[in-house]
Amino acid sequence: MKLNNYNLATINQRELLKILDTSKKGLQYSEIEARQETYGRNEIEYKKEKSVLQIILEGFLSPFTLILIILAFISLATEYLFVTSGKKDLTSFIIIISLVLISALLEITQNLQAKRSIDDLDEMVEVTSNIIREGLAKEIPTEEIVIGDIIHLSAGDMLPADVRILESRDLFISQTPLTGESELIEKRATARIKKGQADTEFQTMAYMGTEVVSGTGIGVVVRLADDTLFGDIAKKLQESPIKTNFERGIESTTQLLIKLMIVIAPLVVLINGFSTGSWVQALLFGISVAVGLTPEMLPVIVNSNLIKGAKQLSANGSIVKDTNAIQNLGAIDILCTDKTGTLTQDSISLEYYLNTIGKEDREILKYAYYNSSLQTGLKNVIDRAIIQRGRKELTTSELRARKIDELPFDFERRRLSVLVDKEDSQVLITKGAIEEMLSVSSKILVNNQIYELTKQQESKVLDDVQTLNKQGLRVLGLSIKEITLNHQEINVKDESEMVLIGYLAFLDPPKEGAKEAIAALAKEKVKVKVLTGDNQYVTQAVCREVKIEAEKFLTGDQVALMNDEELLKASEEYDVFVKLNPTQKARLVKLMRNAGHAVGFLGDGINDSPAMREADVGISVDNAVDIAKEAADLVLLKKDLRILEKAVLNGREIFGNIMKYIKITISSNFGNIFSVLLASIFLPFLPMQPMQLLFLNLIYDISCLAIPFDKMDQEYLRQPQKLDSKEVKNFMFWFGPISSIFDILTFIVLYFVIIPKALGGEYFNLLSNQQRNFIAIFHTGWYLVSLWTQTLVLHALRTKKMPFLQSRSSLVMFLVTTITVTIGTIIPYTKLGLALDFRPMPIEFWLYLLMVVVLYLLLTTIVKNIYVKKYKKLL
């Protein structure tokens, strides 16, 4: 029987439990497996893990790998399937397929490794739910919940599925993730529901992704995963996922290379076909050029760096939930953070409980204890501090009271009220920010006498509180109101005509190391901005301790009056924002992002989750509420800015190594385009055989596998790093021609000097056998020059400094590039070299190679210095 949301919200509880074949004691364990098979796991489609088969297919279906596969089969057709038996040759096909296999298998291996790593890390930050099975409470991962499970809800929980409420006690839920509205909705076991009401207005239903702010409840799971209201929204978002800046940059670069390939490869085929008369060879060479233009190792290099980065971050105390966050970490130039627990120790103590004349008063502590201990919302550090002090100083009889009803805290009222039955009266006890308490209080208790709260007295109260704030103490006001007996429910209207009876002053000292961490982040060009719900005086006191400029600040009231343009301007000018609600925090983050900043947000509370979702990188901590951990891309095992500083530097190093491959390889390939075009026009033969060009590409790709293990210069790590496709194009146009210059010089020297001297004559004056030898030596010479310059330029362009002298690569990169160059140089003197039609080179060539390498590195260094002066950066 399929029930819609209206049916689920209105059906009799007993009948619903019967339809779902469950009871309030929960399901039997013997039923769970069958239900999971029927309904599937409780995972939204966009969050489902890729299967091993999907990962394997994706490894072979990247744009560059597909191009290589197509080229391989064209080579197979032209060199093997449609040629006479004596001329069949599989060499080019085997080399291209080898490139495909190396690239695809490395990518598959890395993705499988990443899947395992992320699974392991996910277990460390697992979001769980409290359910009842066979009459006993049990905590299980949300993915394992099935339809018919009985679930227990309490403050701080995120709804893991769509639930029909069976029991509730002051259960208030924030539906912001579904509706965007900040108003809390009370959920009940029974309520009047009209046809035509929006699903989110049904008080008997609680929906996946919404957040329990206060109270408790029990519900039965009626919908899972994609069938939920949240799942339906997620599917629509999946249809047009937002790409990160890094993904857009990679996509733009890929499109540029494919366009170049489409233009250049056919041009090379036509020119060589007309100049040599061998159209088959021209086609094969065109294929080889296309392969040479393909940075098939790009997915491998990116994945290697991300996996390495995730491991580094894990070792440094950070858990990566989304690997894309690693690149974004490297780009952060603004870090927004709350104050409590980040700049302070998050070990709040109740220092003073004062009456309105500034003296400690047990009655103040007693009423504060009732308010904090009897409320069923999320007990924050403030409540815990009050409860701890109350249990220490109050007698057993003083601690005893019965709660009748409550109004949970929300970020609009900024108050929490509890109605208490105490002996022969009912008392409404409200605590909250001092301004909010003054707004609901019309009287004040002074020396046990109640007086009207005048403007003069209000001013004195604010002065007293300000004095405490300037000492770094956070102050809440406490008001009470006697309510008519037998009053069973309270609402916001009851928070009026109250009597202000005193203040609660809390101390949360600055965290050790916070000042140094903020100074270090500033050195790394990351601006720390404080976005807090606390008032300016406490915030200023803490900010002064940790050296954050806080004399200029904006309040939430001022923010509310600003349009987007005004607030954006203010966000550049101010570093401290106080008395903000969650919506205002998220708005500030969004505006800064839209202005081109990369923004991180560090938070751990319900009020931080909207801003975390809006940030480029949402950062939370391991002991945060479920909602905050779910919104985070990165979870710190400790709420410590020093860990975050390391994470930012790791992100920049990873980004830098990815950029090395992208920029250097693309510029080298771009230079080779012009070399090949000019050689095709002026040489009477191909500048290199197809299989030789493919072999050269294979060796270079192997040397590039060391890039993820390289290190970055400290100067590079001092700046936020973003991928800009314009930068890639600029780099390509500046450094690509250097490769072309030395290629053309090599063609001239080989063709007119070295080879004629070695063979005793110019090409057209030689016999056909000698001409074949001339061509083979020419091919070998260009292969060796390309091998040395292509590999050594990795060292020249990996740093702004002088390579080898001022900046050395990692040992892994040095060894891998040295070994590949050595093996590649020896190849022409081996049987493999003979099979590839290479030849030993005359002594004059080695002198020329030495000169070319030195001049190449020298010119590259000169151009590099000019480029850095012009663009202020290299990678």
Cut-off 19 Å, label point 7 angstrom out along Cα-to-Cβ of Arg402: give me the residues of the stretch 423-438 whose amide nitrogen falls inside. 423-429
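Kindly rank 329-337, 6-14 from highest to lowest mean number of other beta carbons found within 10 Å of each residue. Please report the intermediate quantities before stating the final value.
Values: 329-337: 25.6, 6-14: 15.6.
The most tightly packed comes first, giving 329-337, 6-14.
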Neighbour net charge for Ile450 - beta-carbon separation under 12 angstrom, K R +1, D E -1: -1
Trypsin sites (Lys or Arg not before Pro) within the stretch 400-480, DSSP loop, no more than 13 other Cβ atoms inside 10 Å: Arg400, Lys470
Taking a crude spin-label model, label points 7 Å out from Cα along the C-beta direction, the Ser314 to Val280 distance in nm is 5.3
Given a Förster radius of 45 Å and the C-beta distance between Ser459 and Glu545 as r, what FRET efficiency does 1/(1 + (r/R0)^6) yield to the nearest 0.05? 0.95
List every residue whose amide H lies under 5 Å from the amide H of Gln426, counting only residues 5 or more places away in sequence or on a different chain, with H placed 1.01 Å from N in the peptide plane. Ile483
Looking at the chain, send over the antiparallel percent of its DSSP beta bridges, to the nearest 5. 75
Cα gyration tensor shape for the stretch 795-875, rounded if a/c is under 1.5, else prolate or oblate: prolate
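Filter the cross-link list Lys552/Lys638; Lys711/Lys872; Lys663/Lys800; Lys138/Lys366 down to pairs whose alpha-carbon distance in this structure exceeds 24 Å.
Pairs exceeding 24 Å: Lys552/Lys638; Lys138/Lys366.
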For Lys870, go through the aspartates and glutamates and keep the ones whose alpha-carbon is under 14 Å away, minus same-chain ones fewer than eight residues off. Glu727
Near Leu394, within a Cβ-to-Cβ distance under 9 Å, what is the net charge of the other residues, with Lys and Arg +1 and Asp and Glu -1? +3
Taking the beta-carbon count within 10 Å as an exposure proxy, list Phe670, Phe601 from fewest neighbours to most. Phe670, Phe601
List every DSSP H helix in the chain whose Cα atoms extend 27 Å or more along the helix's own long axis and whose mean Kyte-Doolittle hydropathy is at least -0.5. 91-124, 245-276, 641-682, 725-749, 768-796, 843-871
Where the centre of each part is set by its Cα atoms, how far does the stretch 684-712 sit from the stretch 472-491, in angstrom? 75
Sort Phe506, Phe774, Phe764 so the one with the fewest other Cβ atoms within 10 Å of its own Cβ comes first. Phe764, Phe506, Phe774
Environment charge at Ser168 (Cβ cut-off 14 Å; Lys +1, Arg +1, Asp -1, Glu -1): -2
What FRET efficiency would be calculated for the residue pair Thr109, Glu435, taking the C-beta separation as r and a Förster radius of 51 Å, to the nearest 0.05? 0.30
Calculated [θ] (222 nm, deg cm²/dmol) that DSSP helices of n ≥ 4 give over the chain, each run adding -39,500 (n - 2.57): -16500 deg cm²/dmol
Fewest to most Cβ atoms within 10 Å: Phe733, Phe838 sort as Phe733, Phe838
Multiply the residue gap between Trp734 and Leu136 by 0.36 nm, knock off their C-alpha separation, and tell me the result in nm, one decimal place. 208.3 nm
Any of Lys359/Lys431; Lys187/Lys529; Lys525/Lys585; Lys359/Lys481 with alpha carbons more than 25 Å apart? Name them for me. Lys187/Lys529
Can you give the FRET efficiency for Glu144 and Asn594, using 1/(1 + (r/R0)^6), R0 = 41 Å, r = Cβ-Cβ distance, to the nearest 0.05? 0.55
Hits among lysines - C-alpha to C-alpha of Lys831 under 28 Å, sequence gap 8 or more where chains match: Lys87, Lys88, Lys757
Of the labelled options (1) 47.5; (2) 51.4; (3) 44.2, which one gives mean projected area of the Cα convex hull in nm² as computed for this structure? (3)
Any aspartates and glutamates with Cα under 12 Å of the Lys579 Cα? List them, leaving off those in the same chain fewer than 8 positions away. Asp338, Glu412, Glu435, Glu436, Asp534, Asp557
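Quick note: the coordinates plus some simple rules give every number you see, no bench work behind them. The shown structure was predicted, so the numbers you read here are calculated from the model rather than taken from an experiment. Please note: Cβ atoms are built from the backbone with ideal geometry, for glycine as well, and neighbour counts cover all protein chains shown.
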